[in-house]
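Working notes for the structure below.
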Amino acid sequence: MNNKLILTYLILWCLISSSFCQSNETQLETFVVTAQYEKTTKEKAVNKIRVISREKIDALAAVNLGDVLKNELNIRLSQDNILGSFMSLQGISGQNVKILIDGIPIIGRLSGNIDVSQINLNNIERIEIVEGPLSVNYGTDALAGTINLISKKKKNNGFSLDANSYYESTGQYNVDGSLNFKKNNNQFKISGGRNLFDGWSSYDPFFQFPKSRPADTLRSKPWNPKEQIFGSLDHRYLEENFSLRTYVNYFDEQITNRGMPRSPYLETAFDDYYNTWRKDVGTDLNKKLNNGGRIKILTAYNHYKRIKLKYLKDLTTLEQQLTQTSGDQDTTKFDMFISRGSFSKVNGQLNFQIGYEVNIESSLGKRIEGKSQEQSNYAIFGSTKLKANENLILQPALRLAYNSSYKAPPVPSFNVKYSKNNLVFRGSYARGFRAPSLKELYFYFVDINHNIVGNSDLNEETSDNFNIDISWKKIYNQTILNVDGSVFYNNIDNLITLALADESTQQYS
């Protein structure tokens, strides 16, 4: 009997035995908050929400968001050795995927994408993924879907210390930790860590550790070395019906692109350094009222800076100096202020939510037309959840917005959920609107290797999205059988993408 047949018998035996095994354990419910009036179970949510727990993150030994998403259905990741890891959801990528941490958008897109390898998970409790648009709740950049990372919370009084280390034979060395303290209503947390990847090429040994190497032709690698340093400070004040959180996050990354030694003597080389900094500060308030109402207000300021430096390095003395060629050095900065507030009422058959959002983003850099640009967006939104009967829930919603550069139309959406016994049907329609980003409008990058210019005449994107999902779940003691099928349709008008504008000059816009 071969090994494959033995393994097959073992799997079948485990499945059959678990079906008949009696247990007094109860299934733990998974709670979600993304786009909800209040914390609820994912089974009761009108939207289909996929939850990645901390247990699964640890089981995957995932260090960053990309490590988790590459194992998820309907999500694809692409890798660029300079720009990082980018994702697509429902076949759409770039500006149409919204990534949040505790409801706060992440800024600093390169080629329209967020580098998911820069989002560390050491302080994350779970990840909530909503496929399909949440354009009413979160506005622009939420057509394909929304990914919300929820931070950890300490439940018991006293101190706790966590430490993690990770090694991979390709040259990955990670270490992180956190110190938590809770006393009555106050909770404090400090966390940080360092991720180091020393690069990889086909000439590297299977197992390797950092060491000094000759500055020869092997110094240039197809997978570039990368170092990340990150940390956060967090304070929460918690009462039974009130919570207030204040936080500061810091992230520093350097990617090193070592060049090939230059002929004829191989004593010099051009090296590029790509440095990225993220700094976030914010506060988050939640208040539950006696009449069943709830107030949520979050305010945050995000700063993103990316600097590219090019050096001519002497491989004999290891001295280096900045090159003087135009376009070799570059600095780009993005700043965003966001404030979002909502009042929701959950009481009886008819529930509702109303809210506002203020989003002001600015960009500064020599590759931005006019050196600096700013765009702001102001919106009010509302929705109502109607329980037609015990099995049927209807939820219409509407968002009205003002954009400083474009005329924003009303954005409606409609969700329906029907459940009967073990069967759950969810359907949705949403209208989408996206104003062009500052880079798409004003980016200017022309040198000996690049010819890319923005387009200030761009029209806004509009879209329609339809989603249908049917799931069936049956629990047999300790075994859960779940069957799920979904269909989506996206129709985007005036899709904004980088294209060849002039073939004679090879200019892209």
* Asked: At what distance in nm do the modelled label points of SER53 and GLU390 sit from each other, each positioned 7 Å from its Cα along Cα→Cβ?
  -> 2.9 nm
* Asked: Working out 0.36 nm times the residue gap between ASP484 and LYS366, then minus their Cα-Cα distance, what length gain in nm do you get to one decimal?
  -> 37.5 nm
* For region 437-509, what is the per residue volume of the convex hull drawn over the alpha-carbon atoms, in cubic angstrom? -> 175 Å³
* Structure fact -> Per the helix-only model, the chain has a calculated mean residue ellipticity at 222 nm (DSSP H runs of ≥4, -39500 (n - 2.57) each, divided over all residues, rounded to the nearest 500) of -2000 deg cm²/dmol
* Sort 369-381, 408-420 for me by packing, meaning the mean count of neighbouring Cβ atoms within 10 Å per residue, highest on top. => 408-420, 369-381
* C-alpha center-to-center spacing [region 255-298, region 173-208] in angstrom -> 15 Å
* Asked: Can you give the charge dipole size of region 366-509 about its Cα centre, rounded to the nearest 20 debye, using +1 on the beta carbon of Lys and Arg and -1 on the beta carbon of Asp and Glu?
  -> 940 debye
* Quick one: grab the alpha carbon gyration tensor of region 342-394, order the square roots of its eigenvalues as a ≥ b ≥ c, and give me rounded if a/c is under 1.5, else prolate or oblate depending on whether a/b is larger than b/c. => prolate
* Once both axes come from the Cα atoms, what is the angle between helix 3-20 and the longest principal axis of the chain, in degrees from 0 to 90, rounded to 10? -> 30 degrees
* Structure fact -> For region 197-331, the per residue accessible area (1.4 Å probe, Å²) is 57 Å²
* **Zone residues, region 398-423, relative to TYR378, backbone N less than 17 Å from point 7 Å out along Cα-to-Cβ** => 399-410
* Structure fact -> Shape call for region 96-169, from the Cα gyration tensor axes a ≥ b ≥ c (a/c under 1.5 means rounded, otherwise prolate when a/b beats b/c, else oblate), comes out oblate
* Charge dipole (the chain, unit charges on Cβ, about Cα centre) - positive-most of GLN187, THR276, ASN257 -> GLN187
* Asked: Here are several values of P(r) over Cα pairs in 10 Å bins from 0, in percent: (1) 3, 16, 26, 26, 18, 9, 3, 0, 0; (2) 4, 19, 28, 25, 16, 7, 1, 0; (3) 3, 13, 19, 21, 20, 13, 7, 3, 0, 0. Which one was derived from the coordinates shown?
  -> (1)
* Would you work out if region 88-220 is rounded, prolate or oblate? Take a ≥ b ≥ c from the square roots of the eigenvalues of the alpha-carbon gyration tensor; rounded if a/c is under 1.5, else prolate when a/b is larger than b/c, oblate otherwise. => oblate
* Assign unit charges at the C-beta atoms only (+1 for Lys and Arg, -1 for Asp and Glu), then state the dipole size of the chain relative to its Cα centre in Debye, rounded to the nearest 20. => 1740 debye
* Could you state how much accessible area TRP223 has, in square angstrom rounded to the nearest 10, with a 1.4 Å probe and all protein chains kept in place? => 110 Å²
* To do: Starting from the coordinates of the alpha-carbon atoms of region 276-316, obtain the Kirkwood hydrodynamic radius over all distinct pairs and give the value in Å to one decimal.
  => 14.6 Å
* Structure fact -> In nm, the gap between the two label points placed 7 Å beyond Cα toward Cβ at TYR476 and MET260 is 6.0 nm
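Using a probe of 1.4 angstrom, how much of the accessible area of the chain is carbon and sulfur, in percent?
That share works out to 56 percent.
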* Taking Cα centroids, how far is region 396-453 from region 128-156 in Å? -> 14 Å
* To do: Subtract the Cα-Cα distance of SER509 and ASN275 from 0.36 nm times their separation in residues, and report this length gain in nm to one decimal.
  => 81.7 nm
* Contact order relative to length of region 57-199, as percent, for alpha carbon pairs under 8 angstrom and 6 or more apart -> 18 percent
* Size-normalised alpha-carbon gyration radius of region 132-205, reference 2.2 N^0.38 Å -> 1.71
* Surface accessible to a 1.4 Å probe, per residue, for the residues of region 364-472, Å² -> 52 Å²
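Efficiency by 1/(1 + (r/R0)^6): what FRET value for ASN186 and SER165, r their Cβ-Cβ distance, R0 = 25 Å, to the nearest 0.05?
Given R0 = 25 Å and the Cβ-Cβ separation, E is 0.25.
Grab the eigenvalues of the alpha-carbon gyration tensor for region 165-249, scale each by 5, take roots, and send me the semi-axes largest first in whole angstrom.
42, 11, 9
Work out the length of the dipole vector of region 278-388 about its Cα centre, built from +1 on the beta-carbon of each Lys and Arg and -1 on the beta-carbon of each Asp and Glu, and round it to the nearest 20 debye. Don't skip to the answer; put the middle values down first.
Working: 19 positive and 11 negative charges, 133 e Å.
Dipole about the Cα centre, nearest 20: 640 debye.
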* Asked: Considering only protein heavy atoms, what is the solvent-accessible area of ASP141 at a probe of 1.4 Å, reported in Å² to the nearest 10?
  -> 30 Å²
* To do: Whenever you get a sec, line up THR276, THR505 from highest to lowest accessible area (probe 1.4 Å, protein heavy atoms).
  => THR505, THR276
* Asked: Can you give the extra length, in nm with one decimal, that the chain gains between GLU239 and THR299 once fully stretched, where that is 0.36 nm per residue apart less the Cα-Cα distance?
  -> 19.6 nm
* Enumerate the residues in region 125-169 having an amide nitrogen under 20 Å from the point lying 7 Å beyond the Cα of ILE468 toward its Cβ. => 131-133
* Structure fact -> Total charge of the residues flanking SER405 in space, meaning their Cβ is under 10 Å from its Cβ, with Lys and Arg +1 and Asp and Glu -1, is -1
* Rank these by accessible area, largest first, 1.4 Å probe: PHE343, PHE207. => PHE207, PHE343
* Structure fact -> Between LEU398 and THR283, the two model label points (7 Å from Cα along the beta-carbon direction) sit apart by a distance in nm of 3.3 nm
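The values are calculated or read from the model by the stated rules, or taken from the named source; none is laboratory data. The structure presented is a predicted model; accordingly, all values stated were derived computationally and were not measured. All Cβ positions, glycine included, derive from the backbone under ideal geometry; neighbour counts span all protein chains shown. Side chains are part of the model used for accessible areas, which takes the heavy atoms of the whole protein and leaves out ligands, DNA and RNA. Shrake-Rupley method; radii C 1.70, N 1.55, O 1.52, S 1.80 Å.
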